[in-house]
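Engineer: Quick one: this structure, given as structure tokens, is what I'll be asking you about.
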Amino acid sequence: MSDSSQSPTSPTSPTSPTRSLAARAAALDAADQLADRRKLFALDDDTVYLDGNSLGALPRHVPERLQDVISRQWGELRIRSWDESGWWTAPERIGDRIAPLVGAGPGQIVVGDSTSVNVFKALVAAVRLLDPTDPARDEILVDATTFPTDGYIARSAARMTGKPLVPVDPADLPGALGPRTAVVLMNHADFRTGRLHDLAGITAAVHEAGGLAVWDLCHSAGALPVGLDAHGVDLALGCTYKFLNGGPGSPAFLYVAERHQDRFDSPLPGWTSHVDPFAMDQDFAAADGAIRGRVGTPDILSMLALEAALDVWEGVTVEAVRAKSLALTDFFLECVSAYAPPGRVRSLTPAAHAERGSQVALRCAEAPAVMETLIARGIVGDLRRPDVLRFGFTPLYVGFADAERAARTLGEVLNAVPAETATSAHAPG
Ligand SMILES: Cc1ncc(COP(=O)(O)O)c(C=O)c1O
């Protein structure tokens, strides 16, 4: 078929949306300062991996580093590695590697345990920081739309400390703050919609009300600048297996602002947060600094896989990552508008950059079937039941051509999967 015989909407026509968006993607990729990072990751060209907001991809050099940890450090040096291979100090050393990515000075972050466990430590410790100063300040406010684990643990922490728990929609938070506000636990970016909450403004409002702000950074650490120190956050935590690429179940991190460290009273004071662990003292005396957030023996294999994974950040700023993330998500949304049949998907992710994390969430009545087909066709996002398609954008390894291909395939899949009802409840917008 010759060019002259093509209709204006043929995919190969010079004026077709496919061709112009594909050409734009190629130009954007060619100008992308971070494009060279992709080769650091174990990814194949057949797959567009848009699930780094769930499990980050494997940096290629990690298996070899972990092989050394297993064969030499563990296999040959054995117990000597606690000192000679730096195992003992890994939680605070790796915390200091994460610190610049979330805007924290050194000595305020330790790595260890799961995010869930760190939510517990942070919430109870925050209540204990306030209790002696103002017992009437009793409410624990929790993001009502939170990832469930934070809500479950907040409920348990409230029961244990005898405080009322108040679930609050983030949009209603300003009106819920007052003289009873003790601690507020918020997600920086919402796991379902990708909405970014105003960490600076909310932290300031919580402080104004006299409370303490605890932030869950699972969906922002490694995706965008957080500014923990600059915004005066009290305590924070986050996982390392999403945008920090630490591997499945890699240990979480806990931030304890320097000004709170002397009075940080962990509800899980294990022997490794003791000032002199090998004294084997029956009485607990807390170590100085963020080390107070440690509990038991660090999970060295996972921790050192994370430490190796952080090498991909050498020479990269989180500001550059953020700029690319916004450009990628803008471009993906534009491609979805061009390719998706009208009325079949609606973006839940805010259009305003200040309110957007590093994922795009699309509401779609046929989401389960659509995501299954997308994955079978090499576009790996995920599903949040019942009807949300999530696409995570990790700027270190996702490019603009990936975004265009993902949106184009989504359009094809939507055309192939019949709409659930003739008049979809999910209008475009
Ligand atoms: C916002 C948020 N908090 C917590 C978690 C999970 O916590 P954990 O690492 O303990 O499984 C997730 C997991 O995706 C999450 O998105």
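Engineer: Among T349, T89, rank each residue by its count of other Cβ atoms within 10 Å, from fewest to most, as a rough exposure measure.
Structural biologist: Details: T349 23, T89 12.
Fewest to most other Cβ atoms nearby, the residues stand as T89, T349.
Engineer: Go ahead and run the numbers for FRET between R72 and T297, Cβ-Cβ distance against an R0 of 22 Å, rounding to 0.05.
Structural biologist: Numbers: r = 20 Å, r/R0 = 0.91.
The computed FRET efficiency comes out at 0.65.
Engineer: Any chance you could give the angle, 0 to 90 degrees and rounded to 10, that helix 17-31 forms with the longest Cα principal axis of the chain?
Structural biologist: That helix lies at roughly 40 degrees to the long axis.
Engineer: Turning to a different aspect of this structure: With +1 on each Lys and Arg Cβ and -1 on each Asp and Glu Cβ, how big is the dipole of the chain about its Cα centre, in debye rounded to the nearest 20?
Structural biologist: So the magnitude is around 720 debye.
Engineer: By count of other Cβ within 10 Å, fewest leading, how are R80, R294 ordered?
Structural biologist: With the fewest neighbours first, R80, R294 line up as R80, R294.
Engineer: Same structure, new question: Rounding to the nearest 10 and keeping the result within 0 to 90°, find how far the Cα-based axis of helix 199-209 lies from the longest principal axis of the chain.
Structural biologist: Tilt relative to the chain: about 40 degrees.
Engineer: Could you pull the Cα extents of the chain along its three principal axes, largest to smallest, in whole Å?
Structural biologist: Extents along the principal axes: 85, 57, 33 Å.
Engineer: Okay, moving on. Want the number for R385 to A369: 0.36 nm per residue separation, take away the alpha-carbon distance, what's left?
Structural biologist: Taking 0.36 nm per residue and subtracting the Cα distance, the gain is 4.6 nm.
Engineer: Next question, about the same structure. Could you please report the charge total around G227, scoring K, R as +1 and D, E as -1 over all other residues with beta-carbon less than 14 angstrom from its beta-carbon?
Structural biologist: -3
Engineer: So, one more: If R0 is 35 Å, what FRET efficiency do you get for D46 and A144 from their C-beta distance, rounded to 0.05?
Structural biologist: 0.30
Engineer: Right, something else. Please give the net charge around P277, taking every other residue with its beta carbon less than 14 angstrom from that of P277, where Lys and Arg add +1 and Asp and Glu add -1.
Structural biologist: With Lys, Arg at +1 and Asp, Glu at -1, the neighbours total -4.
Engineer: Order by neighbour count: F284, F400, F391, F331, fewest other Cβ atoms within 10 Å first, most last.
Structural biologist: With the fewest neighbours first, F284, F400, F391, F331 line up as F284, F331, F400, F391.
Engineer: From the residues G246, L58, A27, which one has its Cα farthest along the dipole of the chain in the positive direction, the dipole being from +1 and -1 charges on Cβ of Lys/Arg and Asp/Glu about the Cα centre?
Structural biologist: The residue sitting most towards the positive pole is A27.
Engineer: Using Cα positions and a limit of under 23 Å, work out the lysines in reach of K39, with same-chain residues fewer than 8 apart set aside.
Structural biologist: K242, K324
Engineer: Right, here's the next one. Nearest 10 degrees, 0 to 90: what angle lies between the long axis of helix 148-161 and the longest principal axis of the chain (Cα atoms)?
Structural biologist: Between helix and principal axis, roughly 20 degrees.
Engineer: Please go through region 307-410 and write out the GluC sites (Glu not before Pro) that DSSP classes as loop and that have at most 14 other C-beta atoms within 10 Å.
Structural biologist: Passing both the DSSP loop test and the Cβ count: E314.
Engineer: Same structure, new question: Run down the lysines and flag those whose C-alpha is under 20 Å from the C-alpha of K163, throwing out any fewer than 8 positions away in its chain.
Structural biologist: Those lysines meeting the cut-off are K121.
Each value in this text was obtained by applying a stated rule to the coordinates, not by laboratory testing. Remember, it's a predicted structure, so these values are computed and weren't measured experimentally. We place every Cβ from the backbone using ideal geometry, glycine too, and count neighbours over all the protein chains shown.
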